[in-house]
Amino acid sequence: MTRPARTSRRLAAGAALSALFVAFLAACGGSSNSSNPAASTSTGVNGGTATIDMASAPDSLDPQYGYTVEAGEADWITYTPLLTYAHASGVAGTQVIPGLATALPVVSNGGKTYTLTLRSGLKFSDGTPVTASDFTYAVERMLKLNWGGDSFFTQTIVGASAYLAGTATSISGITTNDSTGKITIRLTAPYGAFDNLLAFPSVAPVPAGTPFTNEPTNPPSGVGAYIIKDVIPNQSFELVRNPLFASFHIPGIPTGHLSTIKVNIITNTTTEAEQVLDNQVDNFDAGDTVPAALLSQIKSQAADRFSLQPVETTYYFFLNQSKAPFNNKLAREAVNIAVNREAFQRLAGGTINPGCYLLAAGLVGHPTKPCPWGTLDSADLSKAKSLIQQAHLVGAPVTVYGEQVSPVEQWVEYYAGVLKDIGFDVTIKFVDGSTYFPTVGSQTADPQTGYSAWAEDFPNPVDFYLLVNANSIQPVGNRNRSYVNDPHIQSELSKLDVVPTSQLQSVASQWSALDYYVASQADELVFGYGTAPEFFSDRIDYSTAVFSPIWFNDWSTWELSK
């Protein structure tokens, strides 16, 4: 599926790496203040106002267009899709639950038909009744607005690509019955992660007749705990509690405690952090970065109101197997043996957790076996040199591509130095961040090796395996930058890709075996995983605030302290 061009939560791993260099985050697996689900016993105050500082404005708060971290935090509690994610921290927050649908889909026809029923009595925040056909309207609007992840739908739903192309006036694969609330979706082929796709706010129902244009300052009515209002582009916006939502009694979805949430766009992250530290503002947005100069002060003065939350992002160097020298497995093995993965962590100021597997630590299928290339804090240059000699590759030219941003520059320089040490003739090619990923994703450039990163679209191994799926190799926007075309991987994916999200645990051992196999084949040089900050003023009840692994701060669970 085509990687979106707009900077997004999915691209933030690459486009905002400079943030990592100055972040205060430590390794994944740090303690969390908020392991309880949204149903935790309330200890705070109902009502009141909280303020948030955010360094980057949402690309749009219109659910059928917005695609950034900043948009997602607001949209997922304003626009509830048919399915959504549990309002819980940690792995529990990756569970898909019914949203506006009465239950999880009934999957039939060999995995190609999904049937759901809309809850009765729902109303949009403007009082308009919600109908099943409003789902179809939302999907059509999302496609026509060119939402960043629209290819997930055009490549799965029958007739979606024809509708987008203008050769059809409707999406033939979606049928609805407004009288019964029944919604039937036909897929072109079984796709186990389709439950995850239905949990995107981009396909949350909006009223029929909503303009087929991006409405960033006047987002459409939705069904959610909050309503977005008073949007001043690049300055501020507000969320106010939706007075209708509590009456719907949707299990597992908070109705919100705060009456108002005010968000200010402030580009200076030092000021942003200082205001939260001094309790002038209530939250430092999780998509932003605490400057390193404030780290020790925050640790000493606010130890009880910040934590380190794992984010499902994998950092790696691709190794192009379509050309020398990395078409030789010995060369790929040598590279994996020669690097000290903890060195990458140190170069990033402790902002990543070292690792060697494609699947990040919080994902189903992440292997528990030790890394096949030795301990994460060790390197065997002698053995790596021997492998390069055995492969007759001493002096072979290698160009390393890197994004021109910290800490990627430092990572690339370390990696290039290791390649030189084991016998390659190395050249570094830095590319500006605005064009880096299109460059390394182009077969015209055809780079031998270079930095890359992948942040989850949704918490399913299928998403990460786009990186080594032979079907992902494309002339432009190529995600399989190592050009992996392995019959065993393809055979396993043909079986695992169709397993519904709700049944992922049943195939966890198979995903784990596949991920261990990919690591042992040295298909990539994976070196770490990401984290994100959770940082509050002392006005927020820290014990009940949920940090969603999908959407980050869950504003609907916040309460003012007593």
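Could you tell me whether D62 is buried (at least 19 other Cβ atoms within 10 Å of the Cβ), touching a residue at least 12 places away in the same chain (Cβ under 8 Å), touching a helix residue (DSSP H, G or I) at 6+ places or on another chain (Cβ under 9 Å) and part of a loop (DSSP other than H, G, I, E, B)? Walk me through it before giving the result.
Working: buried (at least 19 other Cβ atoms within 10 Å of the Cβ): yes; touching a residue at least 12 places away in the same chain (Cβ under 8 Å): yes; touching a helix residue (DSSP H, G or I) at 6+ places or on another chain (Cβ under 9 Å): yes; part of a loop (DSSP other than H, G, I, E, B): yes.
Against the criterion (buried (at least 19 other Cβ atoms within 10 Å of the Cβ), touching a residue at least 12 places away in the same chain (Cβ under 8 Å), touching a helix residue (DSSP H, G or I) at 6+ places or on another chain (Cβ under 9 Å) and part of a loop (DSSP other than H, G, I, E, B)), D62 qualifies.
Among the numbered criteria (1) surrounded by 17 or more Cβ atoms within 10 Å (Cβ to Cβ); (2) within 25 Å of A292 (Cβ to Cβ); (3) of a type in the set (D, E, K, R), which one does D432 miss?
For D432, the exception is condition (1).
So how many residues does region 494-511 have that are buried (at least 18 other Cβ atoms within 10 Å of the Cβ), of a type in the set (S, T, N, Q) and within 29 Å of L330 (Cβ to Cβ)?
Going through region 494-511 one residue at a time, the tally reaches 0.
Please go through region 322-346 and give me each residue that is surrounded by 21 or more Cβ atoms within 10 Å (Cβ to Cβ) and either in a loop (DSSP other than H, G, I, E, B) or touching a Pro at 6+ places or on another chain (Cβ under 6 Å) (or both), ordered by number.
P325, F326, A331, V339, R341, Q345
Regarding region 482-489, can at least one residue be identified that is part of a helix (DSSP H, G or I) and either touching a residue at least 12 places away in the same chain (Cβ under 8 Å) or surrounded by 16 or more Cβ atoms within 10 Å (Cβ to Cβ) (or both)?
Filtering region 482-489 for residues part of a helix (DSSP H, G or I) gives 487-489.
Subsequent filtering for residues that are either touching a residue at least 12 places away in the same chain (Cβ under 8 Å) or surrounded by 16 or more Cβ atoms within 10 Å (Cβ to Cβ) (or both) retains 488-489.
The answer is yes, given that some residue of region 482-489 is part of a helix (DSSP H, G or I) and either touching a residue at least 12 places away in the same chain (Cβ under 8 Å) or surrounded by 16 or more Cβ atoms within 10 Å (Cβ to Cβ) (or both).
Condition check ((1) within 30 Å of W411 (Cα to Cα); (2) under 20 Å from the mean Cα position of the chain (by Cα); (3) surrounded by fewer than 24 Cβ atoms within 10 Å (Cβ to Cβ); (4) among the polar types (S, T, N, Q)) across all residues:
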| site | (1), (2), (3), (4) |
| --- | --- |
| E492 | no, no, yes, no |
| A513 | yes, no, yes, no |
| A532 | yes, yes, no, no |
| W555 | no, yes, no, no |
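Scan region 519-545 residue by residue and report those that are assigned to a strand (DSSP E or B) and more than 30 Å from N328 (Cβ to Cβ).
Initially, region 519-545 is screened for residues assigned to a strand (DSSP E or B), giving 524-536, 540.
Matches in region 519-545: G530, T531, A532, P533, E534, F535, F536, I540.
For region 506-562, which positions are more than 30 Å from A343 (Cβ to Cβ) and of a type in the set (S, T, N, Q)?
Of region 506-562, the ones more than 30 Å from A343 (Cβ to Cβ) are 506-510, 536-546, 548, 550-551, 553-562.
The answer is S506, S509, Q510, S537, S543, T544, S548, N553, S556, T557, S561.
Pick from G374, G362, G395: which is in a loop (DSSP other than H, G, I, E, B), in the same structural domain as F527 (by TED's automatic domain parsing), crowded, with 16+ Cβ neighbours inside 10 Å and without any contact (Cβ under 8 Å) to a residue 40 or more places away in the chain? Give the derivation first.
Values: G362 fails: without any contact (Cβ under 8 Å) to a residue 40 or more places away in the chain; G395 fails: crowded, with 16+ Cβ neighbours inside 10 Å.
Answer to the selection: G374.
Considering region 546-562 alone, what residues qualify as being under 17 Å from A455 (Cα atoms) and either in a loop (DSSP other than H, G, I, E, B) or acidic (D, E) (or both)? Walk me through how you get there before you give the answer.
Just the residues of region 546-562 that are under 17 Å from A455 (Cα atoms), to begin with: 547-553.
P549, I550, W551 - these are the residues of region 546-562 that are under 17 Å from A455 (Cα atoms) and either in a loop (DSSP other than H, G, I, E, B) or acidic (D, E) (or both).
Please return the ranges of strands (runs of 3 or more DSSP E) entirely within region 215-321 where 1 or more residues are of a type in the set (V, I, T) and over 24 Å from T78 (Cβ atoms). Don't jump to the end; show me each part of the working.
Working: elements: 226-232, 236-241, 260-265, 306-319.
The qualifying strands (runs of 3 or more DSSP E) are 306-319.
Residue by residue through region 61-87, note down the ones that are within 12 Å of I228 (Cα to Cα) and acidic (D, E). Outline the logic, then answer.
Taking region 61-87 and keeping what is within 12 Å of I228 (Cα to Cα), we get 61-63, 71, 73-79.
Within region 61-87, D62, E73, D75 meet the criteria.
Six or more apart or on different chains, Cβ atoms under 7 Å: show the pairs whose first residue is in region 155-177 and surrounded by fewer than 17 Cβ atoms within 10 Å (Cβ to Cβ) and whose second is in a strand (DSSP E or B) and at pLDDT 95 or above.
Qualifying pairs under 7 Å: T175/T184.
Taking the stated definitions as given, is D421 touching a Leu at 6+ places or on another chain (Cβ under 7 Å) and more than 20 Å from D523 (Cβ to Cβ)? Give the steps one after another, and end with the answer.
Values: touching a Leu at 6+ places or on another chain (Cβ under 7 Å): yes; more than 20 Å from D523 (Cβ to Cβ): yes.
Taking the combined requirement at face value, the residue satisfies it.
Please verify whether region 183-190 includes one or more residues that are aliphatic (A, V, I, L, M), assigned to a helix (DSSP H, G or I), under 27 Å from the mean Cα position of the chain (by Cα) and surrounded by fewer than 23 Cβ atoms within 10 Å (Cβ to Cβ). Let's see the steps before the verdict.
Step one: filter region 183-190 for residues aliphatic (A, V, I, L, M), giving 183, 185, 187, 189.
Narrowing further to those that are assigned to a helix (DSSP H, G or I): none.
No.
Just to be sure, is G209 of a type in the set (G, A, S) and surrounded by fewer than 22 Cβ atoms within 10 Å (Cβ to Cβ)?
Taking the combined requirement at face value, the residue satisfies it.
Suppose we filter region 384-428 for residues that are within 16 Å of V339 (Cβ to Cβ) and of a type in the set (D, E); how many remain?
2
Quick one: count up the residues across region 113-144 that are more than 16 Å from I183 (Cα to Cα) and either buried (at least 21 other Cβ atoms within 10 Å of the Cβ) or charged (D, E, K, R) (or both).
Total satisfying the criteria: 8.
The values are calculated or read from the model by the stated rules, or taken from the named source; none is laboratory data. Every value quoted in this text rests on a predicted model; they were computed, and no experiment measured them. With ideal geometry, Cβ positions are generated from the backbone for all residues, glycine too; neighbour counts draw on all protein chains shown.
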